[in-house]
Protein chains: 4
Amino acid sequence: MPQKPDLPLPQSEQRRVGYAIVGIGELSSEELIPGARTSEHAYVAALVTGDPEKGKAFARAYDLTEQDVYPYDRFEELGQREDVEAVYIVLPNSLHREYVERAAKMGKHVLCEKPLSVSAEDAQAMVDACKEAGVLLMTAYRCQYTPEHWAARDAVQDGKLGPVKLIDSIHGQVQDDPEAWRLKRDLAGGGPLVDVGIYCLNTIRFLLGQEPEWVFATLHQPQDDPRFKEVEESMSFLLGFPGGIVANCLTSYGTQKTATLRVLGEQGTVLMDPAFTYQGLELTLSDQQGDFQPKFPSEDQFSLELDHFAQCIREKKTPWTPGEEGVQDHRIMDALYRSARSGQVVKLEKVGGRDAFRGEKPRAAGRQSAWG
Amino acid sequence: MPQKPDLPLPQSEQRRVGYAIVGIGELSSEELIPGARTSEHAYVAALVTGDPEKGKAFARAYDLTEQDVYPYDRFEELGQREDVEAVYIVLPNSLHREYVERAAKMGKHVLCEKPLSVSAEDAQAMVDACKEAGVLLMTAYRCQYTPEHWAARDAVQDGKLGPVKLIDSIHGQVQDDPEAWRLKRDLAGGGPLVDVGIYCLNTIRFLLGQEPEWVFATLHQPQDDPRFKEVEESMSFLLGFPGGIVANCLTSYGTQKTATLRVLGEQGTVLMDPAFTYQGLELTLSDQQGDFQPKFPSEDQFSLELDHFAQCIREKKTPWTPGEEGVQDHRIMDALYRSARSGQVVKLEKVGGRDAFRGEKPRAAGRQSAWG
Amino acid sequence: MPQKPDLPLPQSEQRRVGYAIVGIGELSSEELIPGARTSEHAYVAALVTGDPEKGKAFARAYDLTEQDVYPYDRFEELGQREDVEAVYIVLPNSLHREYVERAAKMGKHVLCEKPLSVSAEDAQAMVDACKEAGVLLMTAYRCQYTPEHWAARDAVQDGKLGPVKLIDSIHGQVQDDPEAWRLKRDLAGGGPLVDVGIYCLNTIRFLLGQEPEWVFATLHQPQDDPRFKEVEESMSFLLGFPGGIVANCLTSYGTQKTATLRVLGEQGTVLMDPAFTYQGLELTLSDQQGDFQPKFPSEDQFSLELDHFAQCIREKKTPWTPGEEGVQDHRIMDALYRSARSGQVVKLEKVGGRDAFRGEKPRAAGRQSAWG
Amino acid sequence: MPQKPDLPLPQSEQRRVGYAIVGIGELSSEELIPGARTSEHAYVAALVTGDPEKGKAFARAYDLTEQDVYPYDRFEELGQREDVEAVYIVLPNSLHREYVERAAKMGKHVLCEKPLSVSAEDAQAMVDACKEAGVLLMTAYRCQYTPEHWAARDAVQDGKLGPVKLIDSIHGQVQDDPEAWRLKRDLAGGGPLVDVGIYCLNTIRFLLGQEPEWVFATLHQPQDDPRFKEVEESMSFLLGFPGGIVANCLTSYGTQKTATLRVLGEQGTVLMDPAFTYQGLELTLSDQQGDFQPKFPSEDQFSLELDHFAQCIREKKTPWTPGEEGVQDHRIMDALYRSARSGQVVKLEKVGGRDAFRGEKPRAAGRQSAWG
């Protein structure tokens, strides 16, 4: 079972979309940049980093020159690089807005890591800036580009479960470095909710194609743990969807790695365990006939994401998860924090239609018939 | 893997405690009465039923005479049966109080199915009646007598998980007969919460050995489904425990059979899936070393329960799950329904100490070292 | 998930076939007699045992009278019992022939535990005796009456795997009592092969509907282990089927309980793990689409077996696994021991046609569409 | 769960061992060359290929120059490259001998893919050539460098299973291209046995640390399938080890991908399913306490292998799987083909001692305590 795909041939770069990767942290160096090698429609054309030595090493490793590495204060020079058509923002959340706006000003399309920003207000400003500049903005909701999560969505929406009644999802992991930027409210905008809990929230909205009408949340922030001086350690939250569907979610920086998603209907169940992970997603579809684990082709999730945005750029289409999709999660997360502070249910504005904040369907959609 | 144990030899009956089974519904006929055959300390001495033909058939099948079968209006004749030392009430919930009180008046010890009653008030009255009559009262919380759930409790309490952070539990099944007494509020006292959700509630309290300080619940009762005219179809609820531990629970009469329990700590996880079932319980204990599924001897859960109460009778001890344990669940369930009606968090009275409502530890306790 | 079915109503006994159970060892007492309670077409009418106290206890427990219990030397009195239409022989293997012949002489139909006898020659004599007496003889191959093994057979035979290439099966367990009759060659006729390895052999023949053309075997009989003075501890054997299909089998009295069956085709795989067990059979059907675990109704395997033979008696039909099916396994086992002794491949007589030694299909056949 | 490790920093190359990769087929391009990026002690310094365009593309992609790419007829020029200390032969099996001998003549250490050659005779000649030239030769038995297979070995050898009785292993996959060199006897030296069945053989020898005393094999080569004109489609084989341990193995080019390994002892079982794969190995250790799946750090298997040989070069030590280990598998495979042709058991020369053909233990040894 070879999992690593053929290398792209360099000559095809002319047709592919060049990305500048902004920020070379763990995600960039371990997932994104290696993953980009298998893209059909995208390639890494430049790197922006505050660590020039690290940048040069990456350049050498990935067939770039030293001239392709930029410090942050020369970010605007990317404006002159015609081969850089898009930038991928992989910075601490609080910097997303600034860099998205600077990129938009240069006329570059922007792919931005989740969460899109640190509040619904900032996130909306980013959407507005890109619209004004005439560039595309996509929120990097990786799960919405995988065949596994699409098969789960198809199973939920094709009626085989019968009407959906309840949803249960957990995403937690241990964050043990008290100095991590993810534990600073100013940099992160929140705790595990905005980092890992957002997967539960975003994926459930994606599976149902609908928006919650109300939320309730409770959080735990232990006073005596230096890691949690600024953000919550754990949050439990409920999302109330149209038709009485309720989703129970748990997220934490204080639990062994757990990532699950279960959708319960009267005639069947969809279970992903693990859900959300870069590799090894396992989907089980159960009904009265039995349990079915569909097989999926092994593909790099970051390639799928980069490719989708590249195609949208080429074809001038709104991506499946545009900035608006990210703004909506911020609205809901803002409401969750309000609920946790007040101890009250918080109602959300009604949103009509299905997939109200989404654009062009990605390639993963409809590729796999979900039920055997 | 033979699972059915040796038959008891009839001559040992003198030392065993004779039970009268009151009510021969599905639970009695399919689980309880067959299960009783493997008891070491208990046996079925009499049957009380409204259906004399069914009663006679059972009597023949289980080596009783026709004289051992009583209609409900001759219930008090059991008072003269010295060999009947205990009655097991397996009637619709709303009848529990009456029959427990009548049994107590006759001086018989009482094992009563869960939920103990239809409200905390009625449940407390039952406890008081038994106390006054000097007889023991036990709530039939089957899970608290199984080695599997005890191994889960040990894993939670022995510190190997690190501090517990979050708990997630689901218990749902389809109730499709609109005429079932379980769907009538007067007879059942509630919907899936009091029937199957109570397993989540009771088992989580058991695992932690602590009592919730607050609850929040939301329920769904579809107007157009004839099954749910009187009781909820589904309930989502949160239980807040000391130290910031939150348990998320889901219960429903509208989902495919699902019974799970997951306790998340910083160093490990306890998972039962399925939890709560009569057979086939699967426990996984995970830590950084790996995942471990301990093996357990195959034993009939009803025998374990009947035996524990029989031993308490012989040794004049308070059972592990006395009436008070059942009253406490009613207090919490009453609070859950109040929360669902009001949309507000409901605080509960603080309860100090561990296992505050429990008595003598059962045989399953400490028999299996939980972690390999 | 209640697993124990409704009790049969005694009045229906007139239409049901009464069995005399001959031998009350572990299998009878823990599986067969309890299982018989859920039969639709059969019931236990008499018991034959060398232990009168045990017999009486069982009689009381199962609604028989003391007059229904017979010692071996009064076996022939069953001849006068019109209500006893069949006998079920559950004795050490070396006694099968004698009791089948005595039963046939009385005009009783005979269900006989596997292995049918201790050699092909003796087994054939039993078939001949029953034929002459005009009574039916069935070999109690339990697996051939379960919906799980039928679903496996359907998956193998319906072509979805593509052509079958290889089969792998293991059946082993620890036999730790050196005094067990199963370890005496005279009583058992062999070691683990005739006791548990026969499940691999018989079930593979059943799945393919074909007969092996050659066999090879090697056995291990440790000189210094008192348990294995007379019979092998382990045997590894190959069965060569038409078309080049080879089955690899392992059987042992010296391994942790293991019971598996895997059929490998070019387009898919059928896996049972565990296979052969009384409860908890798990079937997985895999193809390029994914893995599927079909669900099956919970039924007592002994009831299915007793019912099939009862129906054959009523309808005067040859059972699915008649004596001839048992003779064929003896021919093959005799060849396996010859191969192990000689170190040579042993050829078997060619057998044409499908299911060459089988009769009327049982109820489990075709009840479940194997592939979701 | 990020799986892709940090990039090596180029400046460390001076201390690392430079490899020339000879042959850029699927294994090199998809596994080996990408995997080498995570080596601590090794790096790719040159490529040898018959396809110059492919070679250049790889050079660009992996930070080599065009001068680092050599056609086969300039192989000897590597002799002048001081930075190339080792060559890794990834060519069709029949070419292994020639290139190993040419490399040895240049004084380069040689890592050679499995099977080492096409016969025991050729394999021995390779060992002799390297010895004479004073260079190290290692057979690339990847599984012997993984912590998962070492944990299995530890479990087998530490006595927790009790004495090992039987082993069962399957390795099969579909080979559907009739033009593949693996289906040409001259190029491959055999069929699935030498390609995938060798994993069963080699890993079982590794687990036991002992050598088989006899073998028996049967093969199937369908006359009418154009793929199997020259080599077998499937082989079933038995390996007889000291103490009566028998291993049953199945290998095939005509079955859905299957890769399993099960070691059965009286007190426990070791199961790998899948075994042998590049990723996703799953190990279960079972005993009377339960089932345990240890967790392992995610590491690239090719890096582990390259690193081991690099360290042996630096420290002048015999690698754990030297050429002699590969010769021994050829001796056994030659015996298996002889057995299949003759239909007879073939005896092997007795080999005393444990790990008789192995050298310095690799890093994966003893890193993980196998049993929780």
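Derivation of every value follows stated rules applied to the coordinates shown; laboratory data play no part. All of these numbers come straight from a predicted model, not from anything done at the bench. When we count neighbours, we look across all protein chains shown, and the Cβ atoms used for this are built from the backbone with ideal geometry, even at glycine.
Listing for the model above:
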quantity: Largest-first principal axis extents, alpha carbons of region C:290-349, Å; calculated: 45, 43, 18
quantity: For chain D, convex hull volume per residue from C-alpha positions, Å³; calculated: 138
quantity: Antiparallel DSSP beta bridges within the protein assembly as shown, percent to nearest 5; calculated: 60
quantity: Cβ-placed point charges (K, R +1; D, E -1), dipole of the protein assembly as shown about Cα centre in debye, nearest 20; calculated: 0
quantity: Charge sum, other residues only, whose C-beta stays under 15 Å from A:Arg102's C-beta, Lys/Arg counted +1 and Asp/Glu -1; calculated: -3
quantity: Relative contact order, percent, chain D [alpha-carbon distance under 8 Å, six or more residues apart]; calculated: 19
quantity: Cα-based shape type of region D:81-193, given that a ≥ b ≥ c are square roots of the gyration tensor eigenvalues and the cut on a/c is 1.5; calculated: oblate
quantity: Peptide C:255-263 - average C-beta neighbours from other chains (10 Å radius); calculated: 5
quantity: Chain C, rotation onto D, residue closest to that axis via Cβ, with its distance in Å; calculated: C:Asn248, 2
quantity: Student exercise, region D:10-143 dipole from Lys, Arg, Asp, Glu Cβ charges, in Debye to nearest 20; calculated: 240
quantity: Two-decimal Rg to Rh for the protein assembly as shown - Kirkwood Rh, Cα set; calculated: 0.99
quantity: Relative contact order (%) - region C:95-215, alpha-carbon pairs under 8 angstrom, separation at least six; calculated: 25
quantity: P(r) histogram, all alpha-carbon pairs of region A:10-142 included - 10 Å bins from 0, percent; calculated: 13, 47, 34, 6, 0
quantity: For B:284-292, mean number of other protein chain Cβ atoms within 10 Å; calculated: 6
quantity: Shortest-first distances to equivalent copies, position C:Gly107, nm, label 7 Å out along Cβ; calculated: 5.9, 10.1, 10.6
quantity: Set of lysines near A:Lys105 by C-alpha distance (under 26 Å), chain-local residues within fewer than 8 positions excluded; calculated: A:Lys114, A:Lys131, A:Lys316, A:Lys317
quantity: Antiparallel DSSP beta bridges within chain D, percent to nearest 5; calculated: 60
quantity: Cβ-placed point charges (K, R +1; D, E -1), dipole of chain B about Cα centre in debye, nearest 20; calculated: 760
quantity: Distance between region C:174-245 and region A:194-263 - C-alpha centres, whole angstrom; calculated: 56
quantity: Within 10 Å of each Cβ in D:271-282, the average number of Cβ atoms from other chains; calculated: 2
quantity: Relative contact order of region C:166-247, defined on C-alpha pairs under 8 angstrom at six or more residues apart (%); calculated: 34
quantity: Against the rule of thumb 2.2 N^0.38 Å, how large the Cα Rg of region A:35-83 comes out; calculated: 1.14
quantity: Computed helical MRE - 222 nm, chain A, DSSP H runs ≥ 4 contributing -39500 (n - 2.57), nearest 500; calculated: -8000 deg cm²/dmol
quantity: Normalised per residue, the volume of the convex hull around the Cα set of region D:127-257 (Å³); calculated: 143
quantity: At most 15 other Cβ within 10 Å, DSSP loop - GluC sites (Glu not before Pro), region C:263-344; calculated: C:Glu282
quantity: Copy-to-copy label separations for C:Gln267, where each label sits 7 Å from Cα toward Cβ, in nm and ascending; calculated: 2.7, 4.8, 5.3
quantity: Whole-number Å³ per residue for the convex hull built on Cα positions in region B:74-146; calculated: 88
quantity: Teacher prompt: D:Glu76 distances to equivalent labels in other copies, 7 Å Cα→Cβ, nm; calculated: 6.2, 9.8, 11.6
quantity: Alpha carbon centroid spacing (whole Å) that separates region C:279-306 from region B:98-167; calculated: 37
